[in-house]
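The values are calculated or read from the model by the stated rules, or taken from the named source; none is laboratory data. Owing to the predicted nature of the structure, the values given are computational and were not obtained by experimental measurement. Using ideal geometry, Cβ is built from the backbone for each residue, glycine included, and neighbour counts are taken over all protein chains shown.
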């Protein structure tokens, strides 16, 4: 149960950072020389591109926040899927707006939450059960 609360904490913190990063990244892109970079390979983002990247980051951050609560409620067999979904939800904002520091850190924390959940499920529930043969 401690690992599940760690997963929820990491995912929720990641979601909050992604939302804040999306908002701040868009606002900083409105500066005269466009302080924020949208993603990899883009040195300058126009305000429209930054708005789209910021809105998408906020949407994915909110989805991560909502989904982090569901990781506590699901059974063990469904948590494996929840871990994979958290990893995917963490990678997508990283691709979209990974040039913004808060989005990158939030995405990293979300991916780590998914990996911790997967490790907890795979190490805690081995599918191979060994029994002693009868004497």
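Among the residues of this structure, residue 51 does not count as one that is surrounded by fewer than 24 Cβ atoms within 10 Å (Cβ to Cβ), out of contact with any strand residue (DSSP E or B) (no Cβ under 7 Å at 6 or more places or on another chain), closer than 20 Å to residue 95 by Cβ and modelled with pLDDT of 85 or more. From the list 9, 13, 65, the one residue that fits, being modelled with pLDDT of 85 or more, surrounded by fewer than 16 Cβ atoms within 10 Å (Cβ to Cβ) and either in contact with a helix residue (DSSP H, G or I) (Cβ under 7 Å, 6 or more places away or on another chain) or within 30 Å of residue 119 (Cβ to Cβ) (or both), is 9.
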